[in-house]
Every structure is written in C-alpha cells, then in structure tokens.
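The values are calculated or read from the model by the stated rules, or taken from the named source; none is laboratory data. Keep in mind that what you see is a predicted model, and the values were worked out from it rather than measured. Every residue, glycine as well, gets a Cβ built from its backbone with ideal geometry; the counts of neighbours run over all protein chains shown.
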C-alpha cells in the first residue's frame, strides 16, 4: 500500500478530516454522544491509517514511542489530578461542583478535563498497541 498513489492522495485528504472529527467528538462530548474514549479511538484510527498507507517508520517519526509514553501518563495524570484536586478542595473524589464558583460551571469544567485526559490516554494507548503489533515483524 505504501507505493499506491491513489491511497496516498486519499489518505492525505481524509486524515485531517478524521482528526477534525475526533476533535469535534472530544469537545462536543459534554453536550451529546461522544467524549474522550470515542475521540481517542477516532484520533488513533487516523494515525493507524497514516501508518498503513505511509509505513510504520513514517508513523513512528510523526509520533515517537517516547512521546506516546508521556501522553499516556499525562492523560492519566489529568484524570486523576482532577479527582485529587476536588479532594484537596474538601469534597468527594471527582465531585465537579467544587471546581468553580457555580456548580454548573464546575460540572462543565470537570467533565471537560476528565474527558480530555481519557481522550489523550486512549489515543496514545491505541497507537502504542498498533505500533507494537505492526512493527514486530518489520524489526527482525
């Protein structure tokens, strides 16, 4: 598939649209279906498509394994950090009402941050799993 010009052109058109849709799902998750998990999987699917069309080495240059490990940890820290912060404010773990002056604003902020952490973690883990399995035979 790497030398197929039609696939390369279509992928160059589709990947930005897939990434844009992932951002839409991520940031619209507060108001409708979707959220961090779905957006993370969609984002990872774009990079999997990139790796399948342009090659594993090209995908690893776009997002190296060290960056993926940092993103996995960052997403988990964002998620857990919101919960710990609400504990430090004297409330229950992940009680979003205490995050802002108004409970409604606190709910929006809390859900946004938690879903962002989930999205980052899911995308990085899915890409890591794909690269681990896809690159096994190529590195021998």
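Just a few scattered comments:
- Checking residue 29 against (1) more than 15 Å from the chain's Cα centre (by Cα); (2) at pLDDT below 95; (3) surrounded by 13 or more Cβ atoms within 10 Å (Cβ to Cβ), the condition it does not meet: (1)
- Residues in the stretch 85-118 that are under 26 Å from residue 41 (Cα atoms) and either touching a helix residue (DSSP H, G or I) at 6+ places or on another chain (Cβ under 7 Å) or exposed (fewer than 13 other Cβ atoms within 10 Å of the Cβ) (or both): 12 in all.
- Hits in the stretch 125-140 - residues which are modelled with pLDDT of 95 or more and either surrounded by fewer than 17 Cβ atoms within 10 Å (Cβ to Cβ) or farther than 13 Å from residue 59 by Cβ (or both): 125, 129
- Cβ-Cβ contacts under 8 Å between residues 6 or more apart (or on different chains), taken from a first residue in the stretch 53-71 that is free of Cβ contacts under 8 Å to residues at least 60 places away in the same chain to a second residue that is surrounded by fewer than 18 Cβ atoms within 10 Å (Cβ to Cβ) and part of a helix (DSSP H, G or I), are listed as 53/7; 53/8; 54/8; 69/128.
Table: residues versus (1) over 22 Å from the mean Cα position of the chain (by Cα); (2) under 18 Å from residue 29 (Cβ atoms); (3) in a helix (DSSP H, G or I).
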| residue | (1), (2), (3) |
| --- | --- |
| 59 | no, no, yes |
| 66 | no, no, yes |
| 77 | no, no, yes |
| 90 | yes, no, no |
| 107 | no, yes, yes |
| 115 | no, yes, yes |
| 122 | no, yes, yes |
| 127 | no, no, yes |
| 130 | no, no, yes |
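- So residue 45, is it out of contact with any helix residue (DSSP H, G or I) (no Cβ under 6 Å at 6 or more places or on another chain), at pLDDT 95 or above and surrounded by 13 or more Cβ atoms within 10 Å (Cβ to Cβ): yes
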